[in-house]
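Enquirer: This is the structure I want to talk about, given as structure tokens.
The values are calculated or read from the model by the stated rules, or taken from the named source; none is laboratory data. Just so it is clear, the model here is predicted, and its values are computed rather than measured. Cβ placement follows ideal geometry from the backbone for every residue including glycine, while neighbour counts extend to all protein chains displayed. Each accessible area value is taken on the protein alone, full model and side chains, heavy atoms only, with ligands, DNA and RNA left out. Shrake-Rupley method; radii C 1.70, N 1.55, O 1.52, S 1.80 Å.
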Amino acid sequence: MTSRVRHTTIDCTDAYRLASFWARVLDGSLAGDDLPGDPEALVTAAGEALLFVTVPDAKTVKNRVHLDLEPQDRTRDEEVERLLALGASLVADHRRADGSGWATLADPEGNEFCVERSAAERAGRAAGQQPS
């Protein structure tokens, strides 16, 4: 028997607020018993689970672990724009003129994450287009 990752835990200053942001990012949902001010909040989305835990320490250095997002129904650039509108900020732009690369963003508490190209973009198709 082996272990499995039950959820990824992210320390933060406001668990409910940050979990609400990530629920919108992932089109997921908060646990039914999570309320503003709770010390923990759980987001579930498409087989993923992120647990946000309020801690007294603020983020001070680069993440040692981060999430890489792959858009499912839009392009990388469209997803970057959507996430910026939700409250993310652009940390570093590694997108190249040939369409490759990624963008590094930060959530509202400064936790970095990357947005990569969609599978369709990597395959040379428009996002959402089925192969012929």
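Enquirer: Looking at the stretch 105-126, which of the residues that are under 30 Å from R17 (Cβ atoms) and of a type in the set (G, A, S) is modelled with the highest pLDDT?
Expert: Checking each candidate, the answer is A106.
Enquirer: Step by step: first the residues of the stretch 7-33, then only those that are modelled with pLDDT under 95 and of a type in the set (G, A, S), then the one that is surrounded by the most Cβ atoms within 10 Å (Cβ to Cβ). Which residue is that?
Expert: Result: A31.
Enquirer: Mind checking which residues of the stretch 39-59 are at pLDDT below 95 and assigned to a loop (DSSP other than H, G, I, E, B)?
Expert: A46, G47, V55, P56, D57, A58, K59
Enquirer: Against the conditions (1) in contact with a helix residue (DSSP H, G or I) (Cβ under 8 Å, 6 or more places away or on another chain); (2) closer than 16 Å to P108 by Cβ; (3) free of Cβ contacts under 8 Å to residues at least 24 places away in the same chain; (4) open to solvent by less than 90 Å² (accessible area, probe 1.4 Å), where does P36 fall short? Just the number, please.
Expert: Failing condition for P36: (4).
Enquirer: Given the structure, is R17 in a helix (DSSP H, G or I) and of a type in the set (D, E, K, R)?
Expert: Criteria met by R17.
Enquirer: Still on this structure: Out of T44, T60, T13, which single residue is of a type in the set (V, I, T) and within 14 Å of the chain's Cα centre (by Cα)?
Expert: Answer to the selection: T44.
Enquirer: So, in the stretch 76-96, of the ones that are part of a loop (DSSP other than H, G, I, E, B) and within 12 Å of R24 (Cα to Cα), which residue ends up least open to solvent (accessible area, probe 1.4 Å)?
Expert: A88
Enquirer: With (1) assigned to a loop (DSSP other than H, G, I, E, B); (2) out of contact with any Cys (no Cβ under 7 Å at 6 or more places or on another chain); (3) on the phi < 0 side of the Ramachandran plot; (4) open to solvent by less than 60 Å² (accessible area, probe 1.4 Å) as the list, and D73 as the residue in question, which single condition is left unmet?
Expert: Only one criterion is unmet by D73, namely (4).
Enquirer: Take the stretch 97-107 and flag every residue that is within 11 Å of the chain's Cα centre (by Cα) and assigned to a loop (DSSP other than H, G, I, E, B).
Expert: D107
Enquirer: Under 9 Å between Cβ atoms, which residue pairs at least 6 apart in sequence (or on different chains) link something in the stretch 44-62 that is within 15 Å of P108 (Cα to Cα) and open to solvent by 70 Å² or more (accessible area, probe 1.4 Å) with a partner that is among the acidic types (D, E) and assigned to a strand (DSSP E or B)?
Expert: Filtered contacts from the stretch 44-62: K59/D11; K62/E112.
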